[in-house]
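Here is the structure we will look at.
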Amino acid sequence: MKVAIGSDHAGFGLKEEIKELLKNLQADIVDCGTNGTESVDYPDFGEKVSGLVSAGSIERGILICGTGVGMSMVANKFPNVRAALCNELFCARMSRMHNDANILVMGGRIIGKDLAAEIVRVWMTTSFDGARHLMRLDKIKKIEEKLTKHGC
Ligand code: RB5
């Protein structure tokens with residue numbers, strides 16, 4: 001599976017750790033940066049990853065900033081993106097089963113490497129339940145279409 005990954009400076013260290021884990025999960029990784037700990041702006045990297053997922057050229061994305069809040073705000077502006085901020089395991093699992101989340105967001109200043117690795121493993125390997133949840137995702141899509149057409 002193709003996975004785009006991106007972070008700002010606050011998520012850089014965790015991004016590098018997660019790339020190792022993704023290789024073990026046989027993921028095909030596209031690293032959208034950042035490439036160091038120098039201060040950068042999270043929307044720039046959130047936009048790169050979310051744009052790829054939104055266009056359908058990449059199936060899944062992973063975004064990391066300090067808290068995960070800024071990156072999830074950016075990602076959920078994009079059509080077809082369902083970004084889930086998960087700094088614990090229950091939400092990681094449920095965001096796949098009920099929401100078919102296609103971008104995982106984490107806070108590099110909140111969680112450590114081992115918890116993040118487990119969150120990524122669970123998120124990458126859990127399937128969408130479909131059924132009634134699919135109907136709800138269709139409703140989200142309809143809201144998105146309505147807003148695109150008519151504005152707020
Ligand atoms: C950077 O200092 C920090 O604001 C950013 O990583 C993120 O947490 C924003 O939501």
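Every read-out reported here was derived from the displayed coordinates using simple, explicitly stated rules and does not represent laboratory data. Model, not experiment: these values are computed from the prediction. Glycine gets a Cβ as well: all are built from the backbone with ideal geometry, and neighbour counts include every protein chain shown.
General observations
- Listed peptides 116-123, 2-9 by packing density, highest first (mean Cβ within 10 Å): 2-9, 116-123
- Alpha carbon centroid spacing (whole Å) that separates the range 78-152 from the range 43-77: 11
- Scanning residues 5 or more positions from residue 85 or on other chains, those with amide H under 5 Å from its amide H are 105, with H placed 1.01 Å from N in the peptide plane.
- Residue (of 123, 34, 14) at the positive-pole extreme of the chain, dipole from beta-carbon charges: 123
- Estimated D of the chain in µm² per second, where Rh is the Kirkwood radius over Cα pairs and Stokes-Einstein applies at 4 °C, 1.567 mPa s: 85
- Taken about its Cα centre, the range 4-152 carries a charge dipole of about 700 debye when Lys and Arg each add +1 at the Cβ and Asp and Glu each add -1 at the Cβ.
- Cβ crowding within 10 Å averaged over residues, with 62-69, 10-17, 35-42 ranked highest first: 62-69, 10-17, 35-42
- Residues of the range 1-25 with amide N under 20 Å of the 7 Å Cα→Cβ point at residue 109: 6-18
- Close amide H contacts of residue 3 (hydrogens built in the peptide plane, cut-off under 5 Å, sequence separation of 5 or more or a different chain): 28, 29, 30.
- Length released on extending from residue 121 to residue 20, taking residue separation times 0.36 nm less the Cα-Cα span: 35.2 nm
- Here the Karplus relation 6.51 cos²θ - 1.76 cosθ + 1.60, evaluated at θ = phi - 60°, turns the backbone of the range 9-15 into coupling constants of 4, 6, x, 4, x, 5, 4 Hz, with x for every Gly and Pro.
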